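To start, the structure under review is shown below, and the notes come after it.
The values are calculated or read from the model by the stated rules, or taken from the named source; none is laboratory data. What you see is a predicted model; the values in this text were computed from it and never measured. All Cβ positions, glycine included, derive from the backbone under ideal geometry; neighbour counts span all protein chains shown.
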Amino acid sequence: MNRQTDCSLSSCTLRSHDGMPMACDCCGQGGPLLLFIHGWTCRRNYWQPQLTFFGEQHRVAAPDLPGHGNSNAGDRQCWSVTTFGQDIAAAGKALAEERLILIGHSMGGAVALEAARLLGEMVAAVVLVDTFVIDYGGLSGETMQAIAAPFEADFTSGMAALVEQTATAATPAVLKERLVREMSAADPAWALPVWRDLLAWDPRPAFEELRVPIHAVNGALIPDSARERCAPFVRETVIPGAGHFLQMEDPPGFNRVLAGVLAQFR
């Protein structure tokens, strides 16, 4: 990847589909716009190494979804993957004059797929970063209840268990501590409804509707059932041994892989 400019992040305020302010970091120039979407209870600065790196050749942006990071929850009553998709679609229309690539980590990948359905021909491609570490679309009601119950009983303990379960030997202890601290600070009043909606989310309508390249960059934890479910619609690149937060575990290594994926869309 050739270096072109020195990317210094700047902050701006976008508006969600229903007018709520969303904090956003952006920089760079050149198309297509790379729009990075964080995961559940995460925040935009989890993408900071990617914004700095890819902002040297592209316009890049990463917003905080409502309720996350520096974007407040306001008086929103409906918390869902679909609603977040509407928020990202609004952000994409505000940021991009022409085409953009949606890059979503974990829940952010589900949000990216829903946003892509709304943005239509504006979307050049979708990149899913370890989105299907849970087999969305393949969970029984009993399984969904079993996954949700620990968070409803004790949100902080549930989050600590989630971070540990999605870590590997490649996940630094200091990163796990940070993730538990920051993700468990989310307000369960909106975080739990989003979690339940995400567990029930079905990717098939988006997969069947979209006519753009969809590429997954996965770590070591994707279940075979999810891989088989996605295979007809998604190309995959695996980073061996990586945990769920692969873009934070080894930013230079992840950036090299993502650069190779993005090069396929030119």
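Can you find a residue that is modelled with pLDDT of 95 or more, within 30 Å of Glu121 (Cβ to Cβ), out of contact with any Phe, Trp or Tyr (no Cβ under 6 Å at 6 or more places or on another chain) and of a type outside the set (A, V, I, L, M) anywhere in region 176-193?
no
Could you list all residues from region 202-215 that are crowded, with 20+ Cβ neighbours inside 10 Å and touching a helix residue (DSSP H, G or I) at 6+ places or on another chain (Cβ under 7 Å)?
Step one: of region 202-215, the residues crowded, with 20+ Cβ neighbours inside 10 Å are 203, 206, 214-215.
Matches in region 202-215: Pro203, Ala206, His215.
Do we have any residue at all in region 253-265 that's more than 21 Å from Pro49 (Cα to Cα) and of a type outside the set (Val, Ile, Thr)? Step through it out loud before you land on a result.
First pass over region 253-265, keeping only residues more than 21 Å from Pro49 (Cα to Cα): 264-265.
Applying the additional criterion that residues be of a type outside the set (Val, Ile, Thr) yields 264-265.
Checked region 253-265: at least one residue is more than 21 Å from Pro49 (Cα to Cα) and of a type outside the set (Val, Ile, Thr).
Check whether at least one residue in region 152-162 is assigned to a strand (DSSP E or B), in contact (Cβ under 8 Å) with a residue 24 or more places away in the chain and on the phi < 0 side of the Ramachandran plot, and report yes or no.
First, the residues of region 152-162 that are assigned to a strand (DSSP E or B): none.
No: zero hits.
Can you go through Ala89, Ala94, Ala116 and tell me which one is surrounded by fewer than 20 Cβ atoms within 10 Å (Cβ to Cβ) and either closer than 20 Å to Arg235 by Cα or of a type in the set (Gly, Ala, Ser) (or both)?
Details: Ala89 fails: surrounded by fewer than 20 Cβ atoms within 10 Å (Cβ to Cβ); Ala116 fails: surrounded by fewer than 20 Cβ atoms within 10 Å (Cβ to Cβ).
None of the other options fit; the residue is Ala94.
Based on what the data block shows, is Leu113 modelled with pLDDT of 95 or more, in contact with a Gly (Cβ under 8 Å, 6 or more places away or on another chain) and closer than 22 Å to Gly253 by Cα? Explain how you work it out, then say what you get.
Working: modelled with pLDDT of 95 or more: yes; in contact with a Gly (Cβ under 8 Å, 6 or more places away or on another chain): yes; closer than 22 Å to Gly253 by Cα: no.
Taking the combined requirement at face value, the residue does not satisfy it.
Condition first: in contact (Cβ under 8 Å) with a residue 40 or more places away in the chain, more than 18 Å from Val111 (Cβ to Cβ) and surrounded by fewer than 20 Cβ atoms within 10 Å (Cβ to Cβ). Can you find one or more residues in region 174-183 that meet it? First the steps, then the outcome.
As a first pass, look at region 174-183 and keep what is in contact (Cβ under 8 Å) with a residue 40 or more places away in the chain: 175, 179, 182-183.
Going one step further and asking which of them are more than 18 Å from Val111 (Cβ to Cβ), we end up with 175, 179, 182.
Going one step further and asking which of them are surrounded by fewer than 20 Cβ atoms within 10 Å (Cβ to Cβ), we end up with 175, 182.
Yes.
Looking at Glu121 and the list (1) under 17 Å from the mean Cα position of the chain (by Cα); (2) within 30 Å of Pro32 (Cβ to Cβ); (3) free of Cβ contacts under 8 Å to residues at least 40 places away in the same chain, which single condition is not satisfied?
Among (1) under 17 Å from the mean Cα position of the chain (by Cα); (2) within 30 Å of Pro32 (Cβ to Cβ); (3) free of Cβ contacts under 8 Å to residues at least 40 places away in the same chain, the lone unmet condition for Glu121 is (1).
Look at region 10-52 and say how many of its residues are at pLDDT below 95 and closer than 23 Å to Val133 by Cα.
Looking only at that region, the number is 0.
Does Ala242 satisfy the criteria of being under 24 Å from Lys176 (Cβ atoms), crowded, with 16+ Cβ neighbours inside 10 Å and not basic (Lys, Arg)? Steps first, please.
Values: under 24 Å from Lys176 (Cβ atoms): yes; crowded, with 16+ Cβ neighbours inside 10 Å: yes; not basic (Lys, Arg): yes.
It is true that Ala242 is under 24 Å from Lys176 (Cβ atoms), crowded, with 16+ Cβ neighbours inside 10 Å and not basic (Lys, Arg).
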